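The values are calculated or read from the model by the stated rules, or taken from the named source; none is laboratory data. Since we're looking at a predicted model, the values are computed, not measured. Here the Cβ positions follow ideal geometry from the backbone for every residue, glycine too, while neighbour counts run over all protein chains shown.
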Amino acid sequence: MQCPRCLNTNKEFFYHGSRGWYCRKCISFGRRMLEEICEPISLSTSTDGSEEYIMKYPLTRAQKEISKTCASFIKEMDVLLFCVCGAGKTELVLESIHQCLKQKKKVCFAIPRRQVVLELQQRLSSYFPNAIVVAVCGGYTDITDGDLIVCTTHQLYRYYQAFDLLILDEPDAYPFKGNPVLHGIAKTSCKGHIIYLTATPDQQLLKAVERKEIACLTLNERPHGHPLPVPVISIHTRFGMFIRLIQFLKKNQYKRIIVFVPTIRMANLLGDILKVMMDVSICTSKTANRDQIIERYRRKKSGVMIATTVLERGVTIPGVIICVYYAEHYVFDLSAQTQMAGRAGRTFEEPTGEVLFIQNERSAISEKCIAMIKEANQGCVA
């Protein structure tokens, strides 16, 4: 027996009720009999198949090559776009989306975190002005049908066998990472093929590439052509770490700075201390009005944002410089460190940036992160 929604095969999670068999592994997404789940969702088609996408700036030669190859491969198999942070992964899939819309097929762009959904919906609406682009996430579930659906990965449970193309952004990020239920729901929402977008693919994806189950396209350069900022490690005693942080903040007082910390408690404590000396915002998973706080910070010319890993992905703030405080902490794995460093130097106006890892001790992960970034800077399209 297999659950058609989450692909669970563990007998312990199946329950036979008065109406039939249920899967308790994905019951949080709604109690439905297995037979009911097997009914594909029927979505309407409003597009006339003639939509062209509009971009404000042209793709680079490398981006064009990846975009064209991806659009060709996705017709036959799943694709992993293994691209460095800031490489323009969204723009790389526009041609693949266009091909599907032109054939009146359904497309979904799924993202782990809610705050990125609304921003991406606006971007895709500007790229495809004649298509209906719908955002589906917490607080935005009244309209769930459109030509192109942008949603959180949790919302994919609504769309059994609905999509001809699923674009899965950051599949290695929380809450998708290590969650077999969400993995299963993503796969069963798509009747066609999946494009995986990430700068830090997990071992599961890389092994699928090795088995040639997924095509892999790599892009190691940003559109502006500047290398990725390479982190600098600074090791101190605990008191020395704080002094080093203050020095770093004062030196860059007229810039925008994100200080990543490993815990919510540390974010609040450090924020309260620094507020006495400078303009400080705090952003964690427990922060109320998080979207508004991020937007206000984005409009500032200077200031400090104390953040947990909630800001490690999907956020672009021009000219920001990065400090990772207690970078050796177990919360900051290789993926997190790479993503946090990748917040710097992302825009054409501010293509360079500084990244500082303040640590209490040496960290093999930090050193590997630096080695990977240096290696990417030596690479090109593969």
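Quick notes on this one:
- The set of residues from region 187-209 being in contact with a helix residue (DSSP H, G or I) (Cβ under 6 Å, 6 or more places away or on another chain) and not hydroxyl-bearing (Ser, Thr, Tyr) comprises just one member, Leu197.
- Scanning region 1-57 for residues that are aliphatic (A, V, I, L, M) and at pLDDT 85 or above returns Met1, Leu7, Ile27, Ile54, Met55.
- Residue in region 201-210 that is in a strand (DSSP E or B), in the same structural domain as Leu124 (by TED's automatic domain parsing), under 25 Å from Ala62 (Cβ atoms) and among the β-branched types (Val, Ile, Thr) present: no
- Screening the candidates Ile373, Ile322, Ile306, Ile317 for the property of being of a type outside the set (Lys, Arg), within 21 Å of the chain's Cα centre (by Cα) and part of a loop (DSSP other than H, G, I, E, B) yields one hit, Ile317.
- The set of residues in region 300-335 that are among the small types (Gly, Ala, Ser), within 14 Å of Cys369 (Cβ to Cβ) and modelled with pLDDT of 95 or more contains only Ala327.
- Candidates are the residues of region 55-92 that are in a loop (DSSP other than H, G, I, E, B) and hydroxyl-bearing (Ser, Thr, Tyr); the one that is surrounded by the fewest Cβ atoms within 10 Å (Cβ to Cβ) is Tyr57.
- Filtered residues of region 102-120 (kept if touching a Cys at 6+ places or on another chain (Cβ under 9 Å) and under 15 Å from Gly146 (Cα atoms)): Lys106, Val107, Cys108, Phe109, Ala110, Val117, Leu118
- For Asp202, the stated conditions do not hold, so it cannot be described as acidic (Asp, Glu) and surrounded by 18 or more Cβ atoms within 10 Å (Cβ to Cβ).
- If the condition is being closer than 13 Å to Val259 by Cβ and aliphatic (A, V, I, L, M), then region 324-382 contributes Val324, Ala327, Met340, Ala344, Val355, Leu356, Ile358.
- Any chance Glu361 is at pLDDT 95 or above and part of a loop (DSSP other than H, G, I, E, B): yes
- Count - residues of region 163-199 that are more than 12 Å from Phe109 (Cα to Cα), buried (at least 18 other Cβ atoms within 10 Å of the Cβ) and among the small types (Gly, Ala, Ser): 3
- Restricting region 331-352 to residues that are surrounded by fewer than 22 Cβ atoms within 10 Å (Cβ to Cβ) and touching a residue at least 60 places away in the same chain (Cβ under 8 Å), the residue that is nearest to the chain's Cα centre (by Cα): Leu334
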